[in-house]
Amino acid sequence: MRLYLVQHGEAHPEQVDPSRPLTEKGRKDVSKVAKFLEEAGIQIDTVWHSTKTRAIQTAEILAEAIKAKNIEQKEGLTPNDSVGTFKEELASREKDLMIVGHLPFLQKLASLLLTGSESQDLVAFQQAGIVCLEREQGKWQITWMIIPELIA
């Protein structure tokens, strides 16, 4: 099973727009990563995203590119939510999944899956970046990571 962890694209500051939608740069960066996924032939059935506008917009752009069958708003994915319940839910999951969310949630989830402790900062997430983890024989490992700046 592969798990794709995605930090949302760049968003407007709360002072500019309290709903914090993606900026033009945020949209372009996410679209660039989406095109990369599409060209790489990556297909994922389900995309989960938080309730926040910037995550919803990011998830919609990515889901269209990878032709995801399901795009679901999921409670518990906001920046400071607990990651413990997700470890258990992911342990029994067989199909690949993409989670579009926020920091520090994504950092804590990656650390918990990789080391058993959510306090290890192993992955340097970047806006519109994707970290791919793979579970084999019950163990998680990082298989690859991409950020918009690495795509031509």
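Using only side-chain charges placed at the Cβ, +1 for Lys and Arg and -1 for Asp and Glu, the dipole size of the range 38-121 relative to its Cα centre rounds to 120 debye.
Please find the FRET efficiency linking A91 to E24, where r is the Cβ-Cβ separation and R0 is fixed at 22 Å, and quote it to the nearest 0.05. According to the calculation, E is roughly 0.05. Does anyone have the angle between helix 105-115 and the longest principal axis of the chain? Alpha-carbon axes, 0 to 90°, nearest 10? That works out to roughly 20 degrees. Put in order of Cβ neighbour count within 10 Å, fewest first, the listed residues D81, D45, D29 become D45, D81, D29. Which angle between 0 and 90 degrees, to the nearest 10, do you get for helix 53-66 versus the longest principal axis of the chain when only C-alpha atoms count? For 53-66 against the chain, the angle is about 70 degrees. Roughly what % of DSSP beta bridges within the range 47-152 run antiparallel, to the nearest 5? Beta bridges within the range 47-152, antiparallel portion: roughly 55 percent. Which residue, A65, T51, Q126, has the largest displacement toward the positive end of the dipole of the chain when charges sit on each Cβ (Lys, Arg +1; Asp, Glu -1)? After comparing all options, I get A65. Residue separation of E149 and E136 scaled by 0.36 nm, minus their Cα-Cα distance, works out to 1.7 nm of gained length. Cα axis of helix 24-39 to longest principal axis of the chain: angle in degrees, 0 to 90, nearest 10? Taking Cα atoms only, the helix is inclined about 50 degrees.
Cross-link partners of K25 among lysines, defined as those whose alpha carbon lies under 24 angstrom from its own and excluding same-chain residues fewer than eight positions apart: K35, K52, K67. Straight-line reach from K87: taking Cα to Cα under 12 Å and skipping same-chain neighbours fewer than 8 places apart, the aspartates and glutamates in range are E118. Within the chain, the percentage of alpha carbon pairs spaced more than 26 angstrom apart rounds to 18%. Each 10 Å bin from zero holds the following percent of Cα-Cα pairs in the range 21-98: 18, 46, 32, 4. Could you please state, rounded to a whole Å, how far the C-alpha centre of the range 84-108 is from the C-alpha centre of the range 29-67? About 16 Å separates the Cα centre of the range 84-108 from the one of the range 29-67.
Dipole size of the chain about its Cα centre, with +1 on Lys/Arg Cβ and -1 on Asp/Glu Cβ: approximately 100 debye, rounded to the nearest 20.
Projecting the Cα atoms of L90, Y4, N80 onto the charge dipole of the chain, computed from C-beta unit charges around the Cα centre, puts Y4 farthest toward the positive end.
The numbers here are math on the coordinates, done by the rules we state, and not lab data. Model, not experiment: these values are computed from the prediction. Glycine also receives a Cβ, built like all others from the backbone with ideal geometry; neighbour counts cover every protein chain displayed.
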